[in-house]
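The structure appears below as structure tokens.
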Amino acid sequence: MYRAGFRMVLGTRPKFEVVGDADDGDTALELLRTVDADVVLMDVRMPRMDGVEATRRIVESGGPRVLVLTTFDLDEYAYDAIQAGASGFLLKDVPLEELAAAITHVHDGDAVVAPSTTRRLLDHFATSRPEPAAADAWDRAGLSELTPREREVLGLMAEGLSNGEIADRLVIAESTTRVHVGRILSKLGLRDRVQAVVMAYQTGIVTVRDT
């Protein structure tokens, strides 16, 4: 039902073309070998191969960017899919305009997370899935090279703030914020903002106490 609905509404929008749909991860991977896709909308709970494993394989193979759709605010599979390389997640009941905008952002290389669920999702797993080696691993990846301002920007990114909101909070130009974000991603070897948010929680830059 969801697939049919998404195909119908997205197919009517300018600049969008639905090139295929699949009912499980195995079928999705097979389909991506035969079609030229830019963005994959990925469910998380599917028969045979679930969305987490499918996302991991798509990312590892250098395939299109993945936007995860989930039914529940606190869905551990959505978190795992982001860990596997998804460029973000949205709830399935997202309004059409927001879904279309999210697909466009992901296509353009940005990342998208549902603002109503980001903090609760990451707070939940930051406390229930401690990763003691994460901080050391990220230090080796370049965390210690961040300037105090870049660490501040990273913390605000992890709170779900947009570039404009970060600029307002820090009283700087939005273009300056974009420069900081780009440098953060470059120094840490991160693909996008979603990875930056996960890293911030894993290393303790942002914690539940910051809520």
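The values are calculated or read from the model by the stated rules, or taken from the named source; none is laboratory data. Here the structure is a predicted model, which means the values were calculated and not measured. Every residue, glycine among them, receives a Cβ derived from its backbone with ideal geometry; neighbour counts consider all protein chains shown. The area values use the complete protein model at the heavy-atom level, side chains included, leaving out ligands, DNA and RNA. Shrake-Rupley method; radii C 1.70, N 1.55, O 1.52, S 1.80 Å.
A compact table of results
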| read-out | value |
| --- | --- |
| So VAL52, is it within 16 Å of the chain's Cα centre (by Cα), open to solvent by less than 60 Å² (accessible area, probe 1.4 Å), at pLDDT 90 or above and not small (Gly, Ala, Ser) | no |
| Odd one out for ARG13 among (1) closer than 25 Å to TYR201 by Cα; (2) modelled with pLDDT under 90; (3) among the charged types (D, E, K, R) | (1) |
| Failed item, numbered, when ASP38 is tested on (1) touching a residue at least 40 places away in the same chain (Cβ under 8 Å); (2) surrounded by 17 or more Cβ atoms within 10 Å (Cβ to Cβ) | (2) |
| Every residue from the stretch 185-201 that is buried (at least 19 other Cβ atoms within 10 Å of the Cβ) and of a type in the set (Lys, Arg) | ARG193 |
| Qualifying position, being open to solvent by 60 Å² or more (accessible area, probe 1.4 Å) and more than 16 Å from the chain's Cα centre (by Cα), among ASP93, ASP26, ASP108 | ASP93 |
| Flag for GLU76 being modelled with pLDDT of 80 or more and surrounded by fewer than 18 Cβ atoms within 10 Å (Cβ to Cβ) | no |
| Qualifying residue in the stretch 127-136 (condition: over 30 Å from VAL18 (Cβ atoms), of a type in the set (Asp, Glu) and at pLDDT 70 or above) | no |
| Candidates GLY160, GLY182, GLY155, GLY164 - the one that is under 22 Å from HIS105 (Cα atoms), outside any helix (DSSP H, G or I) and either open to solvent by 60 Å² or more (accessible area, probe 1.4 Å) or not acidic (Asp, Glu) (or both) | GLY160 |
